[in-house]
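Q: The structure under discussion is supplied below as structure tokens; questions concerning it will follow.
Rule-based calculations on the coordinates, nothing more; no lab input. Model, not experiment: these values are computed from the prediction. Note that each Cβ is placed from the backbone with ideal geometry, even for glycine, and that neighbours are counted across all protein chains shown.
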Amino acid sequence: MGSSGSPAKRGAVALSGTTIVIVLVLAVVTGKNPLELLSSAPGGQSAAAGPQKPVDPNDPGAVFTRKILATTEDTWKVALPKLGKTYKEPTLVLFRDGVESACGFQQAAVGPFYCPADSKAYVDLDFLDDLQKKLDALGDFAKGYVIAHEVGHHVQNLVGTPRGAGKDKGPTGNAVRMELQADCYAGVWGAYVKQQGLLEIGDIDEALGAATAIGDDTLQRRARGRVSPESFSHGTGEQRVRWFKRGMDTGVPTECDTFSAASL
């Protein structure tokens, strides 16, 4: 696990690669109103923080997440200097029943997120379980992709990608570009894992399956039976797959400049 980053700032907005996506997923799974779920997400209306149950360090999900984080640290200590920066590890925070962060209180099961105000990656272990049980994104590499995506937001924070760059929605908006860049950075991690001989047969397909499962078009179709490109915030499943593969095929973070890309 990494060390603590910059001082916490109350009210900061979390850079989440999954929060809005998870809200749509939960709307499908629980039948709740997405707006109700959004009100409890980072950057939404703060919910009252209740007692936080500590995660057992020997919990299989916790052990797995720590192992994945270690491989992301090894990846970016080598890769980030190519972007002119030195890598500083994020702090890992594991939770199941809600968590307090410098970006606000996060209710249970809303998903992993990254908070730039405290340089911490918050991983909801329940979501990692649901990724396989309810979204059919099977395999350990699928879960690894989700974690590496959040670390991708940490990389954006270290590089200085403007947070405002992720505000505009739409199929070619900056929000989509920011999330696709984090997907590409996750691919850079995938390239490192491959180089180390840590991949098993089917691992890449698992990651691509997860990227497809949490694409805006896939989730919108499941949630309401139609696709509304004007409200995209993360990109289609096809786009998420494409940018993950770009990072993995090249292993070079400079190939992940989604903001200059004419076509996503």
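Q: Using a basic spin-label model with each label point 7 Å from the Cα along Cα→Cβ, how many nm lie between Lys82 and Glu255?
A: Result: 0.8 nm between the two label points.
Q: Counting other beta carbons within 10 Å of each residue's own, what order do Glu200, Glu73 fall into, fewest first?
A: Neighbour counts put them in this order, fewest first: Glu200, Glu73.
Q: Can you list residues from other chains, or at least 5 along the same chain, whose modelled amide H is less than 5 Å from the amide H of Phe105?
A: Here Ala47 satisfy the definition.
Q: Under a point spin-label approximation (7 Å from Cα along Cα-to-Cβ), what is the Glu200-Val159 distance to one decimal in nm?
A: It works out to 3.2 nm between the two label points.
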